[in-house]
Amino acid sequence: PQYALWAQVLATALGSGAFSAFFGGGVNDALCAAFCGVVLGALLFFMGRRNANLFFKSIVGSALAALIAVAETRLGLGRNLDMIIIGTLMCLVPGIMITNFMRDIITGDWVAGITKLTEALLIAAGIAIGAGIVLYAAQAL
């Protein structure tokens, strides 16, 4: 079952802010990442209700998070664009899927392991594509 909207938004906001601080961002960066996490959590909730696939959710979610982070830093709310983006994008990283693929490979279930590895790599590529497009466009402007 899917968690309630408020629970997903709160978890994504807390995770984003904590990861931003963990990777070296300041308090303002953590707060900016938490705001990005609120928007990302809501987006993922509504895209999940529309049955969007993980690759598409990764592209759109990372692009939106990067766009908000760029706007926050240009407005002077945050200082370290990279810390805000990294903190927010960590909520999209398929960590459990990577763990499960390793477990499947170790136990000898090669087909399931390779399938999960491929899916995790596609999600990681989607995260990179979404954030990369926004960062490229922001640099060009």
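The values are calculated or read from the model by the stated rules, or taken from the named source; none is laboratory data. Since we're looking at a predicted model, the values are computed, not measured. Here the Cβ positions follow ideal geometry from the backbone for every residue, glycine too, while neighbour counts run over all protein chains shown. Keep in mind that these areas ignore ligands, DNA and RNA; they rest on the heavy atoms of the full protein, side chains included. Shrake-Rupley method; radii C 1.70, N 1.55, O 1.52, S 1.80 Å.
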R0 = 35 Å: FRET efficiency of ARG74 with TRP110, Cβ-based, nearest 0.05?
0.15
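Just order 131-137, 59-65 by mean Cβ neighbour count inside 10 Å, highest at the front, would you?
Highest-to-lowest ranking by the protection proxy: 59-65, 131-137.
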Length released on extending from PHE55 to TRP6, taking residue separation times 0.36 nm less the Cα-Cα span:
15.3 nm
Write down the accessible area per residue of the chain in Å², having rolled a 1.4 Å probe over the full set of protein chains.
58 Å²
Over the heavy atoms of ASP109, what accessible area does a 1.4 Å probe trace out, to the nearest 10 Å²?
70 Å²
Farthest toward the dipole's positive end in region 23-141, which of ILE123, LEU54, MET97, given Cβ charges of +1 (Lys, Arg) and -1 (Asp, Glu) about the Cα centre?
LEU54
Just to confirm the filter: which trypsin sites (Lys or Arg not before Pro) across region 25-79 are DSSP coil and have at most 15 other Cβ within 10 angstrom of their Cβ?
ARG50, ARG79
Around PHE23, with a cut-off of 13 angstrom between Cβ atoms, what is the net charge of the other residues, counting Lys and Arg +1 and Asp and Glu -1?
-2
Percent of C-alpha pairs per 10 Å bin, region 79-141, short to long
20, 39, 23, 14, 4, 0
Residue by residue, what Karplus-based ³J(HN,Hα) values in Hz, rounded to whole numbers, does region 46-55 have, using 6.51, -1.76 and 1.60 with θ = phi - 60° and x for Gly and Pro?
6, 5, x, 5, 8, 6, 6, 6, 5, 5
Using the reciprocal of the averaged 1/r over all distinct C-alpha pairs, how large is the Kirkwood radius of the chain in Å?
15.4 Å
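What is the magnitude of the charge dipole of the chain about its Cα centre, with +1 placed on the Cβ of each Lys and Arg, -1 on the Cβ of each Asp and Glu, and no other charges, expressed in debye to the nearest 20? Kindly include the intermediate steps, with their values, before the conclusion.
Details: 7 positive and 6 negative charges, 50 e Å.
So the magnitude is around 240 debye.
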Relative compactness, region 50-118, computed as alpha-carbon Rg over 2.2 N^0.38 Å
1.49
Computed, not fitted: 222 nm per-residue ellipticity of the chain from DSSP H runs ≥ 4 (each -39500 (n - 2.57)), nearest 500, equal to -28000 deg cm²/dmol
